[in-house]
Amino acid sequence: MKAINMKTEHLVKPLGLDMVNPRFYWNCEGGIKQTAYRIVATWENETVWDTGKTQSSRMTHIRYEGQPFKSRDRVTWTVALWDENDVEGEKTSSWFEMGLLKAEDWRAQWIAGDYKPKKNTRYPVDCFQKTFFVSKRVAHARLYITACGLYEARLNGERIGSFVLAPGSTDYRYRLQYQIYAVTETIAAGENKLEVQLADGWYRGSIECFCPVNVFGKQMKLLCQLKMFFEDGTVETVTSAESFRWSDDGCLRFADLKDGEIYDASRKPGYGGRARVVKEKVIPSASNNVPVTEHEEFQAKLIITPSGKRVLDFGQNIAGFLSFTVQGGKGQKIRLVCGETLDENGEFTQKNFQIKKPFKKYGKLTEILLVTGNGSKIKAEMTETPKQEIEFICSGGQDQYKMAFAVFGFRYALIETDIAFDSAKFKAVAVYSDMEQTGDFSCSHEKINRFLENTRWSIKGNFLDLPTDCPPRAAWLDGRRAGFLQHRFLPDERSLFLPQMDERCQRRSIQGRQIFRRGSLQRA
């Protein structure tokens, strides 16, 4: 008998925990029943915890009770099991690595772009760059990074990690999640370039059902430090500071979580300015969670609607990204608008999820009017939201594009362009938390199997770092995403259930806001 599927705090070989007494989990392989276990935890060949042979069939929630950990400790834990005949089986091992356990471990400074955000103004994506030199052989290196906004980091042109929409969804008033990446193999001898893009995301982009902006703040911020341990025993750290170069003249001219992106493939960041040091009162903590990653891909099929519109059909309703390869003349444009369904006439529509909000920033009184269905009383220019729109400007050569800082709920994409394109080069990429599927079911009844598949896709489409109610509108209750799901109905089911669901969701939203304003809704 041996231990398999070994996990620490439900995670497989987590890089960067900040739980000082983590719990261990495993399953058994071989034998009939586990009768005893022994866990031995070591750090740099030193035993820091040994349970001894423990008579127990327990294999979950076994809490570490050894010597205290320090920041960045990498711990190996080995499990031996005894079966029903009290025979010791093969030992198996796993590991975990601690994050930064003390506030003073952060030597980096919070930085922002060199501008002061103005009212009712949206800005391009911030681009930061730091050049550093390495003259010694690197034993191992770690990048610790977080942001007020969404970040995407590259080292020597290579994207760091697979986490998308990082650092994930959070209530920035109380919690800032950071991630840790192993970058040993990416560091080169000589000159190295660390580049980070920073977009609005949940911090200052469109959120909640009626898509207000700047809910958590107006100034996006970045915090990162790259720690390098060399083979000669020395250590060097590259930290975010005013020495970072900055500009906002890169390819992403606009990026909003719900409204979409404007991407000019002919542009590159010039890094002509300097970062500005800013303050942040919340001390970052490790995410201690699975990342949000890319999953299934679906190739487009071109359909022509009765009115002659060209629409890409990806065959599956998902929450995720659009990606494509195209070649057009410099300055030529492609406009893509994404939606979940076609209307009763077979035409592309966004009416099943789009609503109206004021064009300019609005306050609480306007928000109450919107939530209570009194939007007609608002005396301001209104606009549809969410837009779920991509505007792509060609460079003149062959261009490749994939969304980075927006996520749409869609199956269809209306495409408007005078560029010749191949629909086979357009893909939809499902994006959701890297959850493990632990079981499956099928039967002889096709509709039951389809119902299960719908349910599975509902879960995938509504778990982006935490549960949401629907991918296009991902409703919030004053900064907290609503924890209920929308079922993905078959075409002939939607007309039966959607009106009732929309009414129920609106009622829940109003009730939730009333509770919050009475002070009864506590943060998690």
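Within the group Thr121, Thr51, Thr35, which residue is under 30 Å from Trp246 (Cβ atoms) and not basic (Lys, Arg)?
Thr121
Of the residues in the range 326-340, how many are within 25 Å of the chain's Cα centre (by Cα) and either among the β-branched types (Val, Ile, Thr) or within 20 Å of Thr372 (Cα to Cα) (or both)?
Qualifying residue count, the range 326-340: 1.
So if I check each of Glu84, Glu90, which one is among the charged types (D, E, K, R), assigned to a loop (DSSP other than H, G, I, E, B) and within 20 Å of Tyr25 (Cβ to Cβ)?
Glu90
Can you tell me which residues in the range 111-141 are farther than 24 Å from Cys251 by Cβ and surrounded by 21 or more Cβ atoms within 10 Å (Cβ to Cβ)?
Scanning the range 111-141 gives a single hit, Ala141.
Let me confirm something: among Trp77, Trp49, Trp43, Trp26, which residue is over 34 Å from the mean Cα position of the chain (by Cα) and among the aromatic types (Phe, Trp, Tyr)?
Only one candidate passes the filter, namely Trp49.
Please work out which one of (1) part of a strand (DSSP E or B); (2) without any contact (Cβ under 8 Å) to a residue 60 or more places away in the chain is the condition Leu369 fails and give its number.
Of (1) part of a strand (DSSP E or B); (2) without any contact (Cβ under 8 Å) to a residue 60 or more places away in the chain, only one is false for Leu369: (1).
Could you pull out the residue among Ile145, Ile180 that is crowded, with 24+ Cβ neighbours inside 10 Å and not polar (S, T, N, Q)?
Result: Ile145 is the single residue among Ile145, Ile180 that is crowded, with 24+ Cβ neighbours inside 10 Å and not polar (S, T, N, Q).
Determine which member of the set Lys387, Lys357, Lys330, Lys351 is in contact with a strand residue (DSSP E or B) (Cβ under 9 Å, 6 or more places away or on another chain), in a strand (DSSP E or B) and among the charged types (D, E, K, R).
Lys357
Read through the list (1) of a type in the set (A, V, I, L, M); (2) surrounded by 15 or more Cβ atoms within 10 Å (Cβ to Cβ); (3) over 24 Å from Tyr178 (Cα atoms); (4) in contact (Cβ under 8 Å) with a residue 40 or more places away in the chain, then give the number of the only condition that Val48 fails.
(4)
Every residue, every condition in (1) assigned to a strand (DSSP E or B); (2) crowded, with 21+ Cβ neighbours inside 10 Å; (3) of a type outside the set (Ser, Thr, Tyr), yes or no:
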position	(1), (2), (3)
Gly250	no, no, yes
Glu261	yes, yes, yes
Arg267	no, no, yes
Glu280	no, no, yes
His295	yes, no, yes
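Please work out if Val183 is touching a residue at least 60 places away in the same chain (Cβ under 8 Å) and touching a strand residue (DSSP E or B) at 6+ places or on another chain (Cβ under 9 Å).
No, not satisfied.
Just give me the residues in the range 350-370 being buried (at least 18 other Cβ atoms within 10 Å of the Cβ) and closer than 28 Å to Gly320 by Cα, in sequence order.
Gln350, Phe353, Lys357, Pro358, Glu367, Leu370
When you go through Ala103, Ala108 one by one, which is the residue that is within 27 Å of the chain's Cα centre (by Cα) and surrounded by fewer than 15 Cβ atoms within 10 Å (Cβ to Cβ)?
Testing whether each residue is within 27 Å of the chain's Cα centre (by Cα) and surrounded by fewer than 15 Cβ atoms within 10 Å (Cβ to Cβ) leaves just Ala103.
Readers should treat all values here as calculations from the given coordinates under stated rules, not as data from a laboratory. Fair warning: this is a prediction, and the values are worked out from it, not measured in the lab. Using ideal geometry, Cβ is built from the backbone for each residue, glycine included, and neighbour counts are taken over all protein chains shown.
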